[in-house]
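The next block holds one structure in the form of structure tokens; read it before the comments.
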Amino acid sequence: PAPADLDPQQVFAVQARGTSLLPEGVKPGFLCLCDPQQPALVGDLVYVVDSSGQTAIKKLLKLTPTSIMLQGWLPPDALGGQQPYTEERPRREVAMLAPVIYIRRR
């Protein structure tokens, strides 16, 4: 079950798509419960919405007042291995950063 101390007016669920978080154990179709009221911490999986409305779930590597650094993984190669990649985004382009606090397999 999901954690009991959540505010149902604030938390929301998103469904994972793609393979960029397979090394973190998140498969396509998994439901990720996010809480924008909780602070995002380095090492968390986070739901990110940029100023254009594009969304993603990535691993938070760095958080400063001016930027965030995120990690994902490229699609699996022929042997199933995935190479990590990072991207740094200016904080001014981030409309929402919500930690993933619960993951539900489907």
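The values are calculated or read from the model by the stated rules, or taken from the named source; none is laboratory data. These numbers come from a predicted model, not from an experiment. FYI the Cβ positions are ideal-geometry reconstructions off the backbone, even for glycines, and counts take in every protein chain you see. Calculation scope for accessible area: heavy atoms of the full protein, side chains included, ligands and nucleic acids excluded. Shrake-Rupley method; radii C 1.70, N 1.55, O 1.52, S 1.80 Å.
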For the range 5-106, evaluate the Debye formula with one uniform point scatterer on each Cα (no solvent term) and list log10 I(q)/I(0) at q = 0.20 Å⁻¹, rounded to two decimals.
-> -1.04
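Please report the net charge: other residues with Cβ closer than 15 Å to the Cβ of residue 25, K and R +1, D and E -1. Provide the component values of the computation, followed by the final result.
Numbers: positive: 27, 58, 59, 104, 105, 106; negative: 24, 44.
Net charge in that neighbourhood comes out at +4.
Leaving out ligands, DNA and RNA, and with a 1.4 Å probe, what % of the accessible surface on the chain is carbon or sulfur? Show your work: numbers first, answer last.
Numbers: 3320 of 6540 Å².
That share works out to 51 percent.
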Can you tell me the relative contact order of the range 3-106? Whole percent, Cα pairs under 8 Å, sequence separation 6 or more.
-> 31
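Add +1 for every Lys or Arg and -1 for every Asp or Glu among the other residues with Cβ under 13 Å from the Cβ of residue 51, and state the total.
Result for the local shell: +1.
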Would you mind giving the three semi-axes, in whole Å and largest first, of the ellipsoid equivalent to the range 45-90 according to its Cα gyration tensor?
-> 23, 12, 8
Rolling a 1.4 angstrom probe over the protein heavy atoms, how many square angstrom per residue are accessible across the range 12-106?
-> 59
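Of the peptides 78-86, 51-59, how do they stack up when ordered by the mean number of other Cβ atoms within 10 Å, highest first? Please report the intermediate quantities before stating the final value.
Numbers: 78-86: 9.9, 51-59: 15.3.
Output ranking for 78-86, 51-59: 51-59, 78-86.
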